Number of protein chains: 2
Amino acid sequence: MIKTPDPPRPTDAELDILAVVWSRGPSTVRDVHDAIRRRKPAQYTTILKLMQIMAEKGLLRRDESERAHVYEPCRTKEWTRRQLAGDLLERAFGGSQANFVLGALSARKASRAELDEIRQLLDEYEKGTR
Amino acid sequence: MIKTPDPPRPTDAELDILAVVWSRGPSTVRDVHDAIRRRKPAQYTTILKLMQIMAEKGLLRRDESERAHVYEPCRTKEWTRRQLAGDLLERAFGGSQANFVLGALSARKASRAELDEIRQLLDEYEKGTR
DNA sequence: TTGACACGACGAAGACGTTCGTAGTAAAGT
DNA sequence: ACTTTACTACGAACGTCTTCGTCGTGTCAA
């Protein structure tokens, strides 16, 4: 059984691309380029090169059966988010989840609905680990 | 009134140094080097260079009145954590604080005490914004 | 068939991050 | 006085990230 090694933490530009693929599903370079272009100027070949590198790194996998290759993430959104959150949690928050949450709340004002959502999430989490 | 521009996001190596200064308070290069050395091999001049660069960037400020310069953060731990959390929140979690919290919880099992701490934090947060 | 177009491959440049060796200098010990 | 030690400063090397231009090739329409 082949154990694919964990891909490295995505860089900033790579995360932008992942965000597009997460929301769009399997995408071509053109799809991603069009999406990113809406928010900031970017050359097509820049996105292409990045996605090729991401495929090498194991962040994306690609289907070459069509002329325009179709890319999708190797790892789920949840897996990658967990890695990123865990990394920041350890490195900047000393592993304190409470401080981590406080960081998120102080970064941006949370709505009432959002707070309720978090509370519900905590309840379910506790239920699951009990 | 002079408005010092926000310093850039600290890099990985820079965050290691900030973590030391956060826990130790104002420190010399030697202090930081000794602390970091305990966890991984590092040359003294590597730490020195990094801290000099951090001072240029506005991440650290230094007091040169003593022979061994004393460094301290320009921004509070809380400010920097807020920046880092906010950055990751937007870029990897689409701004969803609930998903952000879920990421933290799934990265590492939370103890009962930690969950309670988070709940209390939510209550106080809501009280403060009401 | 030929021209316009879309696509992937590739190389290279420039910025940045990280590491370390060397040099210069002041202080402290012998 | 002289040597050793503890600092800072600096430059250089190396890798990584990001960006872009160019090339070759396949596709489609006139």
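Got a number for residues in the range A:29-80 being touching a residue at least 40 places away in the same chain (Cβ under 8 Å) and either within 14 Å of chain B (Cβ to nearest Cβ) or near DNA strand C (Cβ under 9 Å from one of its atoms) (or both)?
Qualifying residue count for the region: 10.
Within the group B:Leu60, B:Leu84, B:Leu15, which residue is within 13 Å of DNA strand D (Cβ to nearest atom), under 17 Å from the mean Cα position of the chain (by Cα) and at pLDDT 95 or above?
Details: B:Leu84 fails: within 13 Å of DNA strand D (Cβ to nearest atom); B:Leu15 fails: within 13 Å of DNA strand D (Cβ to nearest atom).
After applying the criteria, what remains is B:Leu60.
Out of all the residues in the range B:28-50, which are more than 8 Å from DNA strand D (Cβ to nearest atom) and open to solvent by less than 90 Å² (accessible area, probe 1.4 Å)?
First, pick out the residues of the range B:28-50 that are more than 8 Å from DNA strand D (Cβ to nearest atom): B:31-43, B:46-47, B:50.
Listed by number, the residues that qualify are B:Asp31, B:Val32, B:His33, B:Asp34, B:Ala35, B:Ile36, B:Lys40, B:Ala42, B:Thr46, B:Ile47, B:Leu50.
The values are calculated or read from the model by the stated rules, or taken from the named source; none is laboratory data. Everything numeric here is computed off the predicted structure, so don't read it as measured data. For neighbour counting, all protein chains shown are included, and Cβ atoms are generated from backbone atoms with ideal geometry for every residue, glycine included. Ligands, DNA and RNA are stripped out before the accessible areas are found, and what is left, the full protein with its side chains, is counted by its heavy atoms. Shrake-Rupley method; radii C 1.70, N 1.55, O 1.52, S 1.80 Å.
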